[in-house]
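The values are calculated or read from the model by the stated rules, or taken from the named source; none is laboratory data. Since we're looking at a predicted model, the values are computed, not measured. Glycine gets a Cβ as well: all are built from the backbone with ideal geometry, and neighbour counts include every protein chain shown. In case anyone asks, the SASA skips ligands and DNA or RNA and just uses the protein heavy atoms, side chains included. Shrake-Rupley method; radii C 1.70, N 1.55, O 1.52, S 1.80 Å.
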Amino acid sequence: MQTVLRTALSETELASRASFAPQARLEREERRVQTSGLPLNIRGLRKSFGDNEVLRGIDLHIPAGQFVAIVGKSGCGKSTLLRLIAGLEKIDAGSISFGDDVLPQDIRVMFQEPRLLPWARVLSNVEVGLGRDCASSDAHARAGKALAEVGLADKRDQWPSVLSGGQKQRVALARALVSRPRVLAFDEPLGALDALTRISMQRLLERVWRDQGFTAILVTHDVSEAVALADRVLVIDEGRIAHDVMVNTIRPRERGSAELARLEGSILSRLLSADDHT
Amino acid sequence: MSLVDRVFLPRKIRLPRVEGLVQWIVPLAIVVVWQVASVTGFVPVRVLPAPSDVALAGWKLLLSGELIRNIWVSFWRASIGFLIGGSIGFAFGLANGLSQLSAKLTDTTLQMVRNVPHLALIPLVILWFGIDESAKLFLVALGVFFPIYLNTLHGIRTVDPQLIEMGRIYGMTDGELFRRVIFPGALPSIFVGIRFALGIMWLTLIVAETIAASSGLGYMAMQAREFMLIDVVVLSILIYALLGKLADTASRVLERLMLSWHPAYWKR
């Protein structure tokens, strides 16, 4: 059932793109074949903290390998949605399913803070990401490879405290990637970085996502980041999905292009108009 | 990497040569002034003997073997008492830091006991143990227990909850979580406890040995007082100062080895 649903959706999606972007279609097709991502099905998801109902019924299907950005005002429930998907909070009502049997290391989260162990060298910090395989003989090799993927192979024996903010976040990314996750959830991972570092991190995120084909869910307050990276942008308002926007631009995307700017503007105006209602 | 080397290397080289000597300038100057004051008669010898006299007394006691024996006895009492009290304090700190139930059961009691000055127990301890070894060990252990207990507990409770959540997400078992996240996170605080405890350890031992003992440095000082041997009294006090410094240095070295990840330990 899950598979059927996934193909069906992907097909319509492809058809819709085919009309104006044959190149994107080819690329999509190719990625879909090699994707390791898991599809996500969310039905009637609700979550409250005390009297405060944060999520008021979320229905959402994310096809395997899609890059979804979730934007919204602070306190709209976007982070809670992400934490529920990552299994960090208990679900009050509804369901989240991944269309397959998932192992803990299939789903990884990256936070705004790098959360590295200050007393472990960079390489051992990445090895933490292997979870139970941490003690296996090829742990060093696998962690080293993940570090190389984020461009920090030469920092493997450093303490985290000597790294810059962006480098720490790249180590955190390597730690998340080392177990080859099938769903990667980002909770404002670039929020604490300066503008230039943020742009290079965005490129890195896009590259590893294209290489590995996991399903990516990015919570961000930065709409330009969302349209630059994502296939699809969800606007959450008062615990519900208010808008669901596809970003059909070909990749690699040209930063600051008229098309992206127009999209960003329209999403921003929706966010702001939602603000006016309250 | 090159930046780090450039910033830290010159300091590392300068550290043992210059700073190692600098800290001894003041103690050395005090000894010199003291010697001059004694020789010129500014300070009467009956009040404070000259450092040379103290050194001479030390030399005599060293030859007779009495000094080594007494230092050894005191050192042994201090270490064993520290180990016993420290381990129990550490164990309670761990238990109460990790388990709510354990904390609820014992923390209030321990806080009440903590507010009793442990030296106030000396009369009771003498009644219980006489002037036996166990009396001194008990007092030292009791004195050392609280700083280690409190700082271990504090260290564990203040481990970054975000790191603990991270450990759980990455599938660490309770044991791994403790070994890789909680214990290393609590270690800086535990070391603070150890250094406090070392101070209390010597203080307790001096008092216990002066009041109820038949060997050890405190006993040596009290005996010397009986015979008006003021140079030996001063000698004992100086040895306590040296032993205290030694213990502190040992804990610092250990700290630097085990907390080498911590930026605060790079510059010293």
Debye, to nearest 20: dipole size of the protein assembly as shown, +1 on Lys, Arg Cβ, -1 on Asp, Glu Cβ: 980 debye
Let me spell out the model: positive unit charges on the Cβ of Lys and Arg, negative unit charges on the Cβ of Asp and Glu, origin at the Cα centre of the stretch B:58-265. What dipole size does that give, in debye rounded to 20? 200 debye
Only bridges whose two residues both fall in the protein assembly as shown count here: according to DSSP, what percent of them are antiparallel, nearest 5? 50 percent
Using a Förster distance of 51 Å, how high is the FRET efficiency between B:MET222 and B:SER260, based on the Cβ-Cβ distance and rounded to 0.05? 0.75
Relative contact order (%) - criterion: Cα under 8 Å, at least six apart; region: chain B: 23 percent
So what does A:ASP154 come to for accessible area, using a 1.4 Å probe and Å² rounded to 10? 100 Å²
Once the dipole of the stretch B:58-265 is set up from charges on Cβ (+1 Lys and Arg, -1 Asp and Glu), the residue from the list B:ILE71, B:ALA103, B:ALA221 lying farthest towards its positive end is B:ALA103
Just to be sure I follow the rule: in the protein assembly as shown, considering lysines 8 or more places apart or on different chains, how many pairs have Cα atoms under 26 Å apart? 18
Only loop residues by DSSP count here, and only those with at most 13 other Cβ atoms within 10 Å; note down the chymotrypsin sites (Phe, Trp or Tyr not before Pro) in the stretch B:33-65 that meet that. B:PHE42
